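**Student:** Here's a structure for you.
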Amino acid sequence: MSTKKIAVIGAGPAGITAAYELAKAGYTVDVYEASDAVGGLSKTIDLWNQKVDLGPHRFFSNDSKVNNVWLEVVGKDYKMVDRLTRIYYKKKFYYYPLKPFDALFKLGVGAAFVCVMSYFKQRIAPTKQDGSFETWVIGRFGYKLYSIFFKTYSEKLWGISCKELDEDFAAQRIKKLSLFEAVKNAIFKSKKNKHKTLVDQFAYPLGGTGMVYERMKNFVEKNGGRVLLSTPVQKVISENNTAVALELKNGEVVAYDHLISSMPITHLVKNLANVPAEVIEANSKLKFRNTILVYLKIEGEKVFPDNWLYVHANDLEMGRVTNFSNWVPEINNGEKSTIVALEYWSYDEDKIWSKPDAELIALAKSEMQKTGLVNGLTISDGFVYRIPKCYPVYQRGYKEPLQVVENYLTGIQRLSVIGRYGAFKYNNQDHSILMGVLAAENIIKNTRHNLWEINTDYEEYQEKSTITASGLSVES
């Protein structure tokens, strides 16, 4: 047992994983979580006698370190789910990843010809790259495909023009994927070096995504740690550039030997003492996007076959809809009704963020009917769940102020900053789990992992593997 006392702020995937790894190593660890449950964006909630996640959360990683931790916690309590995701555009459904003949047929001969010519134009005379999401995607797919399959959805998600969205979003989310790679995969079905965007199967816990983090919480508590729910942290206290304690919202101050923070980076910096003016200014330029989830209870089964749909329709405000009856039957608990979740995105100042629940449910019902997916079935109930500050906004130029903030926080000893909120990274679960593991290793083994690098090019950390129905499959 170590005599060091460690605090973890935030019990999302990054924070609770760090606590879990520290507890395994014999450290005394306290986790402070502002909400009433662990899991952060990956928590699972009970609704209408079923379990649902906060939108679609699939787990997939090529990293053995991440996969080993996940399997260690989940054991055999998972199933492999066949992924089906499509794009809803002009009242038609297009497979995503794109299936060439399906897309060409549904677009029609004229539009399909323009898409192909637009793509080949990029091969001959590439669009000049200016650091924006727009030019990055056009360079990979051509303007026509960009305008159909990327522009509308991305602008709904971020609330800014794709000209103002940084290319980092594309680089992190679709990396080396191009139209040629998508077509090649569709024709030859090769699994070797398959791009994450093209993955057609993923592991899913029988108790919902949040089951992983609930089990980590239970382990921490069984091994002498504390997971304090509904206990928000006001600020980190530092002395001589060293983190020494935290202050709770109620004013209580607790001293620690090391602090791991996954609270929003803007909140962390704003409440630190004696922060230089240039860091305060840089911090003010970082902003987050909110999500509103509207769950609808549909009285019927097999409403539509997708795990989730991307909504590219300009006449609909929602951006994505998830069907929880198409994940694993265990979360449906034998119910005959179907729960879907419609996602709306906003900033604090947007009108939709402050709309009453009843208006949001009415909007969601109307939009589901417009898609034709409900097919005359009754929508019997609705539920609204708001998630503030869940997407770090990659607006062009964001890297400069973020670098200023990173440099300042790196100079504070005994403080580790991790997670989607904490590090201002658009993490998937696997990125956040890896951040938590490596943050713990820095304390346990005195390693010097650069936690800021996770989610850019982290693939080289360890051997590659994938999770299959029978367990871990290590790549040779």
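**Student:** Per 10 Å bin, what percent of the C-alpha pairs of the stretch 28-99 does each bin hold, from zero upward?
**Tutor:** Histogramming the stretch 28-99 at 10 Å steps yields 13, 31, 35, 17, 4, 1 percent.
**Student:** Take every Cα pair under 8 Å in the stretch 323-421 that's 6+ residues apart, average their separations, divide by the length, and report that relative contact order as a whole percent.
**Tutor:** After rounding, I find 18 percent.
**Student:** Here's something else I'd like to know. Each residue of the stretch 114-119 in order: what ³J(HN,Hα) in whole Hz does its phi give by Karplus 6.51 cos²θ - 1.76 cosθ + 1.60, θ = phi - 60°, with x for Gly and Pro?
**Tutor:** 5, 4, 5, 5, 5, 5
**Student:** Within a Cβ distance under 15 Å of Asn283, other residues only, what is the Lys/Arg minus Asp/Glu net charge?
**Tutor:** Local net charge: +2.
**Student:** Over the stretch 1-81, what is the mean sequence separation of C-alpha contacts under 8 Å (at least six apart), divided by residue count, expressed as relative contact order in percent?
**Tutor:** RCO, the stretch 1-81: 23 percent.
**Student:** Could you state the angle between the C-alpha long axis of helix 429-444 and the longest principal axis of the C-alpha atoms of the chain, as a value from 0 to 90 degrees rounded to the nearest 10?
**Tutor:** 20 degrees
**Student:** Explain nothing, just compute: Karplus ³J(HN,Hα) = 6.51 cos²θ - 1.76 cosθ + 1.60, θ = phi - 60°, for every residue of the stretch 320-332 in order, whole Hz, x for Gly and Pro.
**Tutor:** Using θ = phi - 60°, the values come out as 7, 9, 10, 10, 7, 7, 10, 9, 10, x, 4, 6, 7 Hz.
**Student:** Only helical DSSP H runs with n ≥ 4 go in: add -39500 (n - 2.57) per run for the chain, normalise by residue count and round the 222 nm mean residue ellipticity to 500 deg cm²/dmol.
**Tutor:** My calculation for the chain gives -10000 deg cm²/dmol from helical runs alone.
**Student:** Measuring from centroid to centroid over Cα atoms, what is the spacing of the stretch 147-169 and the stretch 75-100 in Å?
**Tutor:** 21 Å
**Student:** Give me the one-decimal nm value for the distance between modelled label points at Asp46 and Lys79, 7 Å along each residue's Cα-to-Cβ direction.
**Tutor:** Spacing of the two 7 Å Cα→Cβ label points: 2.1 nm.
**Student:** Need one number: nm distance between label points at Ile352 and Lys92, each 7 Å from Cα along Cα→Cβ, rounded to one decimal.
**Tutor:** So the label points at Ile352 and Lys92 sit 2.5 nm apart.
**Student:** What residues qualify as long-range amide H neighbours of Tyr391, i.e. H under 5 Å apart, gap of 5 or more or another chain, H built at 1.01 Å from N?
**Tutor:** Those lying under 5 Å, H to H, from Tyr391 are Arg289.
**Student:** Counting DSSP beta bridges with both partners in the chain, what percentage is antiparallel, nearest 5?
**Tutor:** 75 percent
**Student:** What is the calculated FRET efficiency for Glu252 to Lys121, with r their C-beta to C-beta distance and R₀ = 45 Å, to the nearest 0.05?
**Tutor:** Result of the calculation: an efficiency of 0.10.
**Student:** Please work out the Kirkwood hydrodynamic radius for the chain, using every pair of different C-alpha atoms, and report it in angstroms with one decimal place.
**Tutor:** Roughly 23.4 Å, rounded to one decimal.
**Student:** How do Met263, Met117, Met216 rank when sorted from fewest to most other Cβ atoms within 10 Å of their own Cβ?
**Tutor:** Sorted ascending by nearby Cβ count, the order is Met117, Met263, Met216.
**Student:** List the residues, sorted by chain then number, that are 5 or more residues from Val417 or on another chain and whose placed amide H is less than 5 Å from its amide H.
**Tutor:** Excluding prolines and chain starts, which carry no amide H, the hits are Ser261.
**Student:** After finding the eigenvalues of the alpha carbon gyration tensor for the stretch 352-476, what semi-axes result from the square roots of 5 times each, listed largest first in whole Å?
**Tutor:** Each semi-axis is √(5λ); the values are 39, 24, 13 Å.
**Student:** Here's a follow-up. Please give, to one decimal in nm, the separation of the simple spin-label points placed at Leu229 and Val474, each 7 Å out from Cα toward the Cβ.
**Tutor:** The modelled label-to-label distance comes out at 3.8 nm.
**Student:** Which of Trp308, Trp353 has the fewest other C-beta atoms within 10 Å, and how do the rest follow up to the most?
**Tutor:** Fewest-to-most ranking of Trp308, Trp353: Trp353, Trp308.
**Student:** Around Ser2, which amide H atoms from residues at least 5 apart in sequence, or from another chain, sit under 5 Å from its own amide H, with H modelled in the peptide plane?
**Tutor:** When sequence neighbours closer than 5 places are left aside, the close amide H contacts are Tyr27, Thr28.
**Student:** Still on this structure, I have one more. Hey, what do the phi angles of the stretch 334-350 turn into as Karplus ³J(HN,Hα) couplings, whole Hz, using 6.51/-1.76/1.60 and θ = phi - 60°, x for Gly and Pro?
**Tutor:** Karplus values, whole Hz, x for Gly and Pro: x, 6, 8, 7, 10, 9, 10, 10, 9, 10, 10, 10, 7, 9, 3, 7, 6.
Quick note: the coordinates plus some simple rules give every number you see, no bench work behind them. Keep in mind it's a predicted model, so treat the numbers as computed, not measured. As a convention, Cβ positions derive from the backbone with ideal geometry for all residues, glycine included, and neighbour counts pool all protein chains shown.
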